[in-house]
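The numbers here are math on the coordinates, done by the rules we state, and not lab data. On a predicted model such as this, the values are computed, not experimentally measured, just so you know. Note: ideal-geometry Cβ built from the backbone for every residue, glycine included; neighbour counts use all protein chains shown.
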Amino acid sequence: MCSTVSNSRIALYARAASEQQGKVGSISRQVDELRRRIAEDGGCVDDDACFIDNGVSGNTLVRPALQRLRELAARGALDRLYVLAPDRLARSTGLLAQLMHEFTHAEVELIFVDPANVNELALGFEIESRWFSK
């Protein structure tokens, strides 16, 4: 069992569509960066708290790992979620807004590790600074 940041229940989410394999957004690179950031924050994440959708489009909410993650958050069993960038969570503003609303309602701190990759998906949202890395 991993130690966590202030006893927080931590998870990570990574996603890549099949055509992105081997590119900058690859799953292994995302997971490495997310684990590194979690460690920098003083925690670690168990393998069963790594939610990975490989070869799945971000244009739908019907993704196996994302569905399990949303259920975990809705049950109140998650405190902090690390994601590389908003486009890993969703590829449209509507889906991103829905997910951000769900996680906020469930009191999950959403941390985007690479704010340099915050793109047009995040425009138009008032995203609180706690959602971005310091």
Ranked output for segments 27-34, 8-15 by mean other Cβ atoms within 10 Å, highest leading, reads 8-15, 27-34
Potential extension, Ser18-Asn59 segment - 0.36 nm per residue separation minus Cα distance:
13.4 nm
In nm, give the distance between the simple-model label positions of Asp47 and Arg75, each being 7 Å from the Cα along the Cα-to-Cβ direction.
2.0
What's the magnitude of the charge dipole for the range 35-94 around its Cα centre, counting Lys and Arg as +1 and Asp and Glu as -1 at the beta-carbon? Answer in Debye, nearest 20.
200
